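Down below is the structure, laid out as structure tokens.
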Amino acid sequence: MAVFPKAEAKILAVARLVIEGLRAAPEDFPTPPVSADELEAMTDACDADATKVAAAKAAYHEAHVRKDKAFARLTPAVKAVLAYAKILARRQPAKLIRLGWGPRRERKPLEAPGEVRDLKIEAEGETYLILSWKRPVDGGAAAAYTIQVKRGGGLWEDLAARTDTRCIVSDQPRGVELEYRVFARNKAGVGSPSATVRAVL
């Protein structure tokens with residue numbers, strides 16, 4: 001048994017063969033659910049629309065090329081004017097504001113991130129659990145997170161490091177109280193620890 005195609009060009013080819021067959025042998029297929037004329041109208045409509053889509057894609061590509069060339073001309077031109085203006089306004093940089101540019105703003109030093117929020121246990125199994133948390137709302141942007149664990153009232157230990165806000169913690173002991181907390185960190189330093197969550201697997 002033949003498999004009906006998925007490619008549009010092959011579907012059109014099958015449709016035309018079906019139309020041809022219906023018209024060549026009407027006595028074999030006297031009352032099809034869709035007549036040959038109706039199929040032909042549908043096929044012609046699909047063919048016409050496919051042609052329009054191909055033309056639109058070609059036009060889009062041409063427009064994209066024209067846009068890239070236009071920006072390739074505009075970008076160095078604007079940069080040249082701004083470079084010229086910076087030379088003339090080097091003693092009065094505020095004049096650059098008239099060109100919508102303005103003097104260069106001083107960069108603020110990076111701050112350490114704030115406290116990780118809403119640490120919770122999403123799920124747990126016999127020897128694993130899934131932790132998730134939210135980024136700090138204050139301080140500098142967090143670059144990574146350190147997950148720590150305290151087992152049975154012991155000392156805090158580094159357990160894992162992540163760049164996203166979710167961690168699967170595996171190979172955890174059973175029958176021991178476990179505490180977890182998370183720190184955010186970046187190049188400026190380490191933030192305050194999150195609130196802790198507890199579990200006994």
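Each value in this text was obtained by applying a stated rule to the coordinates, not by laboratory testing. Just so we're clear, the structure is a prediction, and the values are computed from it rather than from any experiment. Here Cβ is always computed from backbone atoms with ideal geometry, including for glycine, and neighbour counts include all displayed protein chains.
Across the stretch 164-173, the qualifying residues are those that are assigned to a strand (DSSP E or B) and surrounded by fewer than 16 Cβ atoms within 10 Å (Cβ to Cβ), and the one among them that is nearest to the chain's Cα centre (by Cα) is Arg166. Give me the pairs, please: first residue somewhere in the stretch 174-190 and assigned to a strand (DSSP E or B), second residue anywhere and of a type in the set (Ser, Thr, Tyr), beta-carbon distance under 6 Å, and either six or more positions apart or on two chains. Matching pairs, first to second residue: Glu179/Thr196; Arg181/Ser194; Arg181/Thr196; Val182/Tyr145; Val182/Ser194; Phe183/Thr146; Ala184/Tyr145. Residue pairs whose Cβ atoms lie under 9 Å apart, sitting 6 or more positions apart in sequence or on different chains, and linking a residue in the stretch 71-85 that is under 13 Å from Leu96 (Cβ atoms) to a partner that is outside any helix (DSSP H, G or I), are Leu82/Trp101; Ala85/Trp101. Among the residues making up the stretch 125-157, a single one is among the charged types (D, E, K, R), without any contact (Cβ under 8 Å) to a residue 40 or more places away in the chain and assigned to a loop (DSSP other than H, G, I, E, B): Asp138. All of (1) at positive phi; (2) in a loop (DSSP other than H, G, I, E, B) hold for Asp118 with one exception: (2). For Arg107, the conditions (1) out of contact with any Pro (no Cβ under 6 Å at 6 or more places or on another chain); (2) surrounded by 13 or more Cβ atoms within 10 Å (Cβ to Cβ); (3) within 30 Å of Val78 (Cβ to Cβ) all hold with the exception of (2). Ala160 meets all of the listed conditions (1) surrounded by 15 or more Cβ atoms within 10 Å (Cβ to Cβ); (2) small (Gly, Ala, Ser); (3) out of contact with any strand residue (DSSP E or B) (no Cβ under 7 Å at 6 or more places or on another chain); (4) free of Cβ contacts under 8 Å to residues at least 24 places away in the same chain but one, namely (3).
Taken as a whole, the condition of being closer than 30 Å to Lys79 by Cβ and in contact with a strand residue (DSSP E or B) (Cβ under 7 Å, 6 or more places away or on another chain) does not apply to Leu99. Of all residues assigned to the stretch 45-66, at least one qualifies as being surrounded by 13 or more Cβ atoms within 10 Å (Cβ to Cβ), touching a residue at least 40 places away in the same chain (Cβ under 8 Å) and in a helix (DSSP H, G or I).
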